[in-house]
Each structure stands twice: as structure tokens, then as C-alpha cells.
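Enquirer: Dropping the structure in here first, questions after.
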Amino acid sequence: MSLRDALLAGLSSLPGTREFHLHVLVSSPRKHGNLFPFANPRPRSYLQDILILLSEQTTPDSPCVFVSAIEACVYNIPTTSCAILYVSKVDSTGQATAPSPTPALVRALLLFYADPATRPISADHLWIHVFARAQNQYLFPNSSEYPNKLPPERHQALTVIDELAPRVGDTCRTKLYYTLPGLSEFEASHSLERVYPSTGSTSWTYGHPYSQDEIPLPCPCPSGGDSPRHLGQCIPSFDDDPKSRFMDEIAYTTDADGVRSPERKRPRADTLKTHEEETPTADASEKKEGRSKKEDQTHKEVKKVSVEEFWERMSFRQECIAGAVTGFFVIAVSVTTPASTSSMSEVSPLAPQAGQVSSQINKRVLTSLLTAHEFPSVEKAVWSTKVIEDSIRGLCDGLKSNPLPLAVPDRSGRRTPEPDPVRTTLAPPQTPPPRLVNGKRPIVEISPNPFPEPVASLETYNSYIFGSIEVKNPPPPTKERGEVTSAGNGTPPIITVLTARKKRTKS
């Protein structure tokens, strides 16, 4: 089952009558060396980008409009047989028919990778990271101006993950962790219990998962497990993540006052040239030693901070205390019976699978969505939806050039001299010469990918990327007038009314 089919199956049970149009872009694996930048040596990891766009059509004659979007990343670490699914951004336009399909879409995505039967990566252990923070908009620009859009609440991630755990099956061992920086365990449980009463089917652990040893961590243990792990070997670094930004500040801010020393000024070109001509080998050795010393210094700064101290200091970060309460949710899924190593080693982790596209297509679509479109009203959202959906189909179909007209030969013998036929066609594409640094080729840290980038086609678009489903289910139960329910449990919240005590006047 492909990811597109799994997401469509998750949307089929939504109440009401409507039609959904889904676009799923999954890039081919590529090498990624910055998942654990402060680990020495860095483990080999492979990255895939996921972009999911969902549009809704209420009637056959009505236009399509985007209602939900998900941006996620999948990291594969073959050394420890682990995979990481990081849900980067989840957003909605607020223009969907109630109930919103966003929770069902996220639930289907997590279940697709959590279930070993449908997981497309050869990994025995999966770590799912979700950073929950209520914000007006993430992926749909100016969608916060739409009057019916409500910002997501912090407990929605807990609702989705809590429903995910029982569906994984008996073949997996599941552990769930959550942390609300700035709140104690009692305060955090009470804050989530008010909006989402626990069903008791899953047990949550308040804290981080880096002290347990039942499920292996993605980063390999140093020295065969003799020495303890430090901060850089426990917490992975993601793009646009508060934890990664804080780790960078710890590593690169070495002064006591929190101010870094200014960089050394670059010498003049003429003096640099003469200096390089005089001592080329000494300069290279000094640069190498300086680079190694800088890396050792950053690693030492990271090793000074323990995991417990890191999370304690996270509660004072502006990203965690400004506005609404933020939450970090981690779910670990481990297979009780690991797969055989022979079947896992047959396929290279860099080999593209069917239905995957180039990472440049994901980048172009996401950049166009964030910079060239806006969703403050229905009219603008409809226009943006049509443009983006047509562009995805066009990128998969490829740019077709018009054939050159054939010249009719003139038999009169008199004709205008034609230019050189070699110059009528464009020059074939050539790879530009490599960029030189100080007259030498720069050292590339990551070796090139031996597999070519996948070329998308209309067959790929129709079979793996685009899909639609028509939902015809009973409408959701209507709420009685004046009835206010809590987080979907059907019981009204308990409201305690406090009366002000009147001040007694002296007679």
C-alpha cells in the first residue's frame, strides 16, 4: 500500500458528504550528515521530504479549495536500524466542512509509518517527534485572516498519538513521552486533562526518552556502550526546531557573558597570495588544526550540559514561554521480532522507490505555496489551489518543447544563403567546471548519490501522487443549542463560579 492510498483510506470514515483531492509528494532518499552534528563520528543517515496537500470539494459544481497541509521528514539510520519521522508543520485554511479532516490526515500518516506492515523503510525501531505549538498559520500564508479559522490547540497532538498507540498491534512495543517546558508533571497532566480526558488505554511518561534502554536510540552508542551518552548523541537536530536552535547556542556560545568573540579579519588579497606561495603546506595544516580545534571546542561545550539540564533550561526559552503552552511529544515503536538482516541488506537505502520524486519538486512546490500564494478568503484560496495543483501536474508531466518546423526545400536553385546548420540548435548542456577555493577543489563531506534522481511522469502522478475519494457518510450529530462540550467526550465542562466577597463597612 502506498502512502496516498493509506491517507485516502483514513479520510473515508469522515462524516458528511464531500469529495477530497489529495496530492502526496515524497522525495527520493539522499544523504544527510547533520542529524547529529555534535556526535563523533557522525552516523550515516538518509533523508526524505514529505509534502501532503488536501483540497475539498463540497458539491460536484463547486471549486476545489485547500483545507489541510502537512510537511514532514523521514530519516533512516541503518547503523542502528532506526528511523525518525519528524512532523515539521501541520496547518489548515479553516475553510473545510466540519469536522476538519486534518486530525484524520495526521493520524493516517503516523499509522502508515508506525505499522511495520506498511512502513516503506527497513527499520526495526521508529521514533516519531512532534512539536506542538498553537500558531495562527504555518503553511498557508494569511490564512489567519479567514474568520472561521481557529488556531490548533496543544492537546490535538496528544489526541492523535493516543489513538495511534492501540492500532499499531501486538507485534510492537510502544512507549510515549511528552514534555511541557516550564510545567511540572502535575501541572502538565492537569493542563492536558482539562481539555482531553485520558481514556486509560495508553500510559504516558512525563519526561524525555533518552534515559531508557529498552528501545535503541537512533545515534549509535559511543565506544560500544562503555562511556555514557552526551547531549549531542541523544537529541537529533531538525530544521526549524527549538531544540536544535538551543543546542547551537550551547555549542557556539563559549563566553561567560553569552557573547562570541569576533571572527578574525581576512587578510588582503596581495598579502594572502604571497603568504600562500611561501608556505602552502603550513597554511593547510594550520587550517586543518584550527578546524579540528573548533569542532573539539563545540563538542566540549555540548558535553558540559546534561539532558536533564537541557530540558530545565528549555523552560526559560522565549519560544516555550511566550504565549501558549508548548509541548514536545515523542512516540517510540519497536518491533518485537526484528526482520532478517539478509533481506534488509539487499536494497540500498539510497535506491529510489516507485512513486518518489526529486527533492527539487518538493522544494519548488513548497516555495511557491509559502511565497506566491495567500489564503485570506475563499476566492483567493480557490485560485491558489488551482494554480498549485496544475503546477504539480505540470512538473510531473515535464516541460514539452514545440518541435521545430521542417523546412521545405526550394528546387528553383535560387535561395538565400542559410546559416550554418550547426548553429541552429542549442548547445548541449554541459556541467560547469568545479569551483576552486585557493586554486584547489573543495573537500566535499558527503559523497555523491550513486542513483540518479527519479523522473516523474503522468503515470507516477496518477498512480502515486494524486488521488481523490468521495465520502458519503451520515452527518455528524448536531449539538443542542447552548450545549458546550469539552474535548470531544460529550460531557459539558465543569465551571466553578466564584462570588466576590463584599467588603464590610464600619458602622
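The values are calculated or read from the model by the stated rules, or taken from the named source; none is laboratory data. Values in this document were obtained by computation on a predicted structure and should not be read as measured data. Every residue, glycine among them, receives a Cβ derived from its backbone with ideal geometry; neighbour counts consider all protein chains shown. Calculation scope for accessible area: heavy atoms of the full protein, side chains included, ligands and nucleic acids excluded. Shrake-Rupley method; radii C 1.70, N 1.55, O 1.52, S 1.80 Å.
Enquirer: Got a sec? Which of 2, 27, 55, 13 is polar (S, T, N, Q), at negative phi, in contact (Cβ under 8 Å) with a residue 24 or more places away in the chain and touching a Cys at 6+ places or on another chain (Cβ under 7 Å)?
Expert: Going through 2, 27, 55, 13 in turn, just one is polar (S, T, N, Q), at negative phi, in contact (Cβ under 8 Å) with a residue 24 or more places away in the chain and touching a Cys at 6+ places or on another chain (Cβ under 7 Å): 55.
Enquirer: Are any of the residues in region 470-477 exposed (fewer than 10 other Cβ atoms within 10 Å of the Cβ), at pLDDT below 85 and closer than 30 Å to residue 105 by Cβ?
Expert: Scanning region 470-477, I find at least one residue that is exposed (fewer than 10 other Cβ atoms within 10 Å of the Cβ), at pLDDT below 85 and closer than 30 Å to residue 105 by Cβ, so the answer is yes.
Enquirer: Is there a residue being part of a strand (DSSP E or B), open to solvent by 10 Å² or more (accessible area, probe 1.4 Å) and closer than 23 Å to residue 130 by Cα anywhere in region 15-27?
Expert: Checked against the condition, which is being part of a strand (DSSP E or B), open to solvent by 10 Å² or more (accessible area, probe 1.4 Å) and closer than 23 Å to residue 130 by Cα, region 15-27 yields at least one hit.
Residue by residue, here is whether (1) under 21 Å from residue 11 (Cβ atoms); (2) within 15 Å of the chain's Cα centre (by Cα); (3) in contact (Cβ under 8 Å) with a residue 40 or more places away in the chain holds:
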residue	(1), (2), (3)
71	yes, yes, yes
82	no, no, yes
89	yes, yes, yes
103	yes, no, yes
106	yes, yes, yes
112	yes, no, yes
115	yes, no, yes
129	no, yes, yes
138	yes, yes, yes
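Enquirer: Is it the case that residue 119 is basic (Lys, Arg) and within 30 Å of residue 233 (Cβ to Cβ)?
Expert: Yes; evaluated as a whole, the condition is true for this residue.
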